[in-house]
Amino acid sequence: MTQTAPAGIATDTMLRIDGVHKWLGHLHVLRGVDIQVRTGEIVCILGPSGSGKSTLLRCINHLDPVDGGVIEVNGERIGHELHGGQLYEQSERRVAKARQHIGMVFQHFNLFGHMTALDNVTYGPARILGRPRKDAVAHARQLLAKVGLAEKEGSYPSQLSGGQQQRVAIARALAMEPRLMMFDEPTSALDPELVGEVLQTMKQVAEEGMTMIVVTHEVGFAREVADRVVFMDQGRVLEDGPAREVLDNPQHERTAAFLRRVH
Ligand code: ADP
Ligand code: MG
């Protein structure tokens, strides 16, 4: 389905998801998912509610362990692995290292409510990466300017609109200097008039060469910004191809039906 370099040869693959299975209780949520993302590529994941999109992102970010298959981020293997029929778990250190390369933006902005916008963006680099506070603050100011919120650095989340909060969340994720940014329906909780400014910020991040995985129902964004669209249904990848091909000429009736619904 996707072009794959032979195993063991250096590639520009940022993310390799290979035969991933995930159970939540009795529910087989991911049923053998294969996706590859090249460095610099923008991949939009579409699919009906309950198809496993959020679960997949959680597995990529190792918030949830997988029950089978392999996930590699920038060559770092995360998740469980079958070895001679035995599952073994990766060490905490390797997991933390792999996760550090991934920025995550959620539907609900998840900002620290008791911190200003500037402190939200500074916190990770200063406290987790151990950057000197002066450098972390200077970088945070650059990022807030980039997302159009230089004037709001002293504001608390409750003083910002949903769109502004989400842009702070994007700046906060970028501050960790991730190699991969993942967005889980970043505009679904926003009032319609605030969606555009967040999509515009994401487009700007994409244009700067970031590798991005975006779970979204915003077909217009997918058409304009994505290199590839992956359509998920019932825990499987139903389609995976160039954005326009999948959106304009879906191969499966379920994809077509979904696109008719969200248009
Ligand atoms: P999507 O993001 O595509 O809407 P999710 O990954 O959130 O889908 O959910 C996939 C399936 O897993 C759904 O049927 C959902 O009800 C179920 N699910 C999600 N989280 C849990 C959980 N913590 N425990 C049990 N089932 C869950
Ligand atoms: Mg979801």
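Here, each number is a calculation from the coordinates, and none is a lab measurement. Since the model is a prediction, treat every value here as computed from it, not as a measurement. Here the Cβ positions follow ideal geometry from the backbone for every residue, glycine too, while neighbour counts run over all protein chains shown.
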> Could you give me the ³J(HN,Hα) list for region 219-229, computed from phi with Karplus coefficients 6.51, -1.76, 1.60 and θ = phi - 60°, whole Hz, x at Gly and Pro?
Replying inline: 5, x, 4, 4, 5, 7, 10, 6, 7, 9, 10
> Tilt of helix 162-175 relative to the longest C-alpha principal axis of the chain, in degrees (0 to 90, nearest 10)?
Replying inline: 80 degrees
> Picking from 68, 40, 50, which is most flexible by a Gaussian network model of the chain using Cα springs under 10 Å?
Replying inline: 50
> Given a cut-off of under 8 Å on Cα pairs at least six residues apart, what relative contact order in percent is computed for the chain?
Replying inline: 24 percent
>> Spelling out what I want: for every residue of region 121-133, take phi, set θ = phi - 60°, compute 6.51 cos²θ - 1.76 cosθ + 1.60 (Karplus), and round to whole Hz; glycine and proline get x.
In response: 7, 7, 3, x, x, 6, 8, 9, 8, x, 6, x, 4
> ³J(HN,Hα) across region 182-191 via Karplus (A = 6.51, B = -1.76, C = 1.60, θ = phi - 60°), whole Hz, x for Gly/Pro?
Replying inline: 10, 10, 10, 6, x, 10, 5, 8, 8, 4
> Near residue 203, which lysines are there with a Cα under 22 Å away, not counting those fewer than 8 places off in the same chain?
Replying inline: 53, 146, 152
> On a 0 to 90 degree scale, rounded to 10, what angle separates helix 192-207 from the longest Cα axis of the chain?
Replying inline: 80 degrees
>> Loop by DSSP (not H, G, I, E, B), at most 11 other beta-carbon atoms within 10 Å: where is the longest site-free stretch of the chain for GluC sites (Glu not before Pro)?
In response: 90-207
> With the dipole of the chain worked out from charges on the C-beta (+1 for Lys and Arg, -1 for Asp and Glu) around the Cα centre, which of 110, 74, 139 lies farthest toward the positive end?
Replying inline: 139
